[in-house]
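The block underneath contains the structure these notes are about, expressed in structure tokens.
The values are calculated or read from the model by the stated rules, or taken from the named source; none is laboratory data. Values in this document were obtained by computation on a predicted structure and should not be read as measured data. Neighbour counts run over all protein chains shown; Cβ positions are idealised from the backbone, glycine included.
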Amino acid sequence: MKKNWQSYIHRIFFALVALIIIGLLVGSVSWVLVFGLGAYLAWTLVQAIKLHQWLYSPSSENAEQGSKSTPPESHGLWGDLFDGIHSLQKGHTVAQNRLRTMINRVQESANALNDAVIMTDARGAMEWWNKSATNYLGFIQRSDHGQPIYNLIRTPAFKTYFEQKEYDEPIELSSPAKPHIVLRFRITLFGEDDRLIIAQDITRIHNLEQMRKDFVSNVSHELRTPLTVISGYLETLSGNSDSLPPIWKRALNTMSQQAGRMEQLISDLLLLAKFETVDQSQAQQETSIHHLLESIRSDALALSGDQGHNIKLKNSADGSFIGDESQLRSAFSNIIFNAVKYTPSEGDVDIHWWSDDEGVHLSVKDSGVGIDPIHIPRLTERFYRADPSRHKDTGGSGLGLAIVKHVLRNHDGELEVKSSQGLGSEFICHFPKTRHIENTGSPHA
Ligand code: ADP
């Protein structure tokens, strides 16, 4: 039974008193004390050896439980010590087993996942992965353990993504082991820059998306030829419409307008399909943005015509831009022409191109009708219109800002929209510094 420490002190004290009394009886206190204390020391030594053997001899290990077998028999202070250590051990073993069961369950459930799950350390060394990772990515348990993950997923885009530490957007890549499988990788940082990588099989969605793009582009192509024929005939008929009754003249006019809209729609659909699938490495030519903006400004003035918009261009960015000129022309024209379309006559449109520590930027600010902020997050969706009643007057296809979004994505850029109803709008395209080459030309005002 466990006693408190004072009772041991009492016992030692009584033993000493007994030894002194015996010493007095036999007439040699010092010899009796030496003998008694020597005996106690020897007993203590034996107990210490027992403890050492119990703790360190492998035969005392309970293999199944990973704990020590029953402690050696003893009594008094040593007996309590053995019992105390044994119960601590048992507590540890129970906690250890509980943890082991929990880890096994987590591993079992991660193994049962359809998604590939991989854990790496901060340098990318592979620490653990589940069965799906073996299946999708072809990892080999024995040889790949501890290998840097980007040695096994060799696509440069993956290495760049892995090292950047910004994982808001996932990355989509073909599986290195089974190229027909498309995987969407998401990375989460945990611990000290360790990474949890989850790869999801999106082959079906990817193929459907590809089918959709092909379908839109094929239908647009097929519609183009008959529409060109219809527009041609309408133009010929309109040229000779003087002899026609007024009702037919009106009908011809409306048909020509609608055919024009359809042509615009088809060419925007084709452009969108092209920019969606274009190889981003094509957007690498050195382009003079100043000349590009000058020419778009002239077109915008022509679009404004009699409406007399006040369209100003300010260029405060020295140098040129790395990109694809035809894509940039489409994007910038869409934003600038929108500013003209959605701004009443004689309104202002200010175009500003500038660079700063963060990169290069294009701002197109108008004094037009503005946009209710609730529409802003959805503006770049295809056919989304902030004010559907107005688009009849402006005649847009509803694809302009979707084209802008894709062009910006192809140039690592982002679109920012600031607007409120009735107070005009500002569309700002932000591009990273890496796209800007400084000092190869002089700034223009
Ligand atoms: P649309 O061909 O209809 O102009 P866009 O994709 O270019 O299509 O623009 C989407 C919608 O965004 C427009 O229908 C319009 O409601 C709104 N919008 C775009 N630019 C402006 C602007 N400068 N001022 C006000 N509204 C705008």
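Within the range 111-120, which residues are within 16 Å of H145 (Cβ to Cβ) and either out of contact with any Lys or Arg (no Cβ under 8 Å at 6 or more places or on another chain) or β-branched (V, I, T) (or both)? Once the filter is applied, which keeps residues that are within 16 Å of H145 (Cβ to Cβ) and either out of contact with any Lys or Arg (no Cβ under 8 Å at 6 or more places or on another chain) or β-branched (V, I, T) (or both), the range 111-120 yields A116, V117, I118, T120.
Residue-wise test of (1) in a helix (DSSP H, G or I); (2) free of Cβ contacts under 8 Å to residues at least 24 places away in the same chain.
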position	(1), (2)
L237	yes, yes
L252	yes, yes
L272	yes, no
E276	yes, no
E286	no, no
S298	yes, yes
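Inside the range 220-235, can you point out the residues that are in contact (Cβ under 8 Å) with a residue 40 or more places away in the chain and farther than 20 Å from Q257 by Cα? Steps first, please.
Going residue by residue through the range 220-235, those that are in contact (Cβ under 8 Å) with a residue 40 or more places away in the chain are 220-221, 223-224.
Once the filter is applied, which keeps residues that are in contact (Cβ under 8 Å) with a residue 40 or more places away in the chain and farther than 20 Å from Q257 by Cα, the range 220-235 yields only H221.
From V340, V364, which residue is within 10 Å of the ligand (Cβ to nearest atom), among the hydrophobic types (A, V, I, L, M, F, W, C), in contact with a His (Cβ under 6 Å, 6 or more places away or on another chain) and in the same structural domain as I403 (by TED's automatic domain parsing)? Write out each step before concluding.
Numbers: V364 fails: in contact with a His (Cβ under 6 Å, 6 or more places away or on another chain).
When all the criteria are applied, what remains is V340.
Among the candidates L408, L423, L399, single out the residue that is within 16 Å of the ligand (Cβ to nearest atom), modelled with pLDDT under 95 and under 27 Å from Q264 (Cα atoms).
Numbers: L408 fails: modelled with pLDDT under 95; L423 fails: under 27 Å from Q264 (Cα atoms).
Answer to the check: L399.
Evaluated against (1) buried (at least 16 other Cβ atoms within 10 Å of the Cβ); (2) of a type in the set (V, I, T); (3) in contact with a helix residue (DSSP H, G or I) (Cβ under 9 Å, 6 or more places away or on another chain), I371 falls short on exactly one condition, (3). Evaluating D318 against the criteria (1) more than 15 Å from the ligand (Cβ to nearest atom); (2) part of a loop (DSSP other than H, G, I, E, B); (3) free of Cβ contacts under 8 Å to residues at least 60 places away in the same chain leaves one unmet condition, (3).
Report whether or not K392 is more than 7 Å from the ligand (Cβ to nearest atom), modelled with pLDDT of 95 or more and more than 27 Å from the chain's Cα centre (by Cα). Before you say what the answer is, go through the steps one by one.
Numbers: more than 7 Å from the ligand (Cβ to nearest atom): yes; modelled with pLDDT of 95 or more: no; more than 27 Å from the chain's Cα centre (by Cα): yes.
So K392 fails the test.
Please pick out the residue among L265, L293 that is of a type outside the set (S, T, N, Q) and outside the structural domain of A402 (by TED's automatic domain parsing). Only one candidate passes the filter, namely L265. Scanning the range 133-155 for residues that are farther than 16 Å from H180 by Cα and in contact (Cβ under 8 Å) with a residue 24 or more places away in the chain returns P148, I149, Y150, L152. With respect to being closer than 11 Å to F427 by Cα, of a type in the set (F, W, Y) and away from the ligand (no atom under 12 Å from the Cβ), F332 fits the description.
Checked across the range 240-256, the condition of being surrounded by 12 or more Cβ atoms within 10 Å (Cβ to Cβ) and under 28 Å from A402 (Cα atoms) holds for at least one residue. Does the range 293-316 contain at least one residue that is out of contact with any helix residue (DSSP H, G or I) (no Cβ under 9 Å at 6 or more places or on another chain), within 17 Å of H430 (Cα to Cα) and at pLDDT below 95? Scanning the range 293-316 turns up at least one residue that is out of contact with any helix residue (DSSP H, G or I) (no Cβ under 9 Å at 6 or more places or on another chain), within 17 Å of H430 (Cα to Cα) and at pLDDT below 95.
Of the candidates L189, L183, L208, the single residue that is surrounded by fewer than 14 Cβ atoms within 10 Å (Cβ to Cβ) and in a strand (DSSP E or B) is L189.
Does I351 satisfy the criteria of being near the ligand (Cβ under 9 Å from one of its atoms) and either at pLDDT 95 or above or crowded, with 18+ Cβ neighbours inside 10 Å (or both)? For I351, the condition - near the ligand (Cβ under 9 Å from one of its atoms) and either at pLDDT 95 or above or crowded, with 18+ Cβ neighbours inside 10 Å (or both) - is not met. Looking only at the range 305-315, residues that are in a helix (DSSP H, G or I) and away from the ligand (no atom under 16 Å from the Cβ) come to 2 in all.
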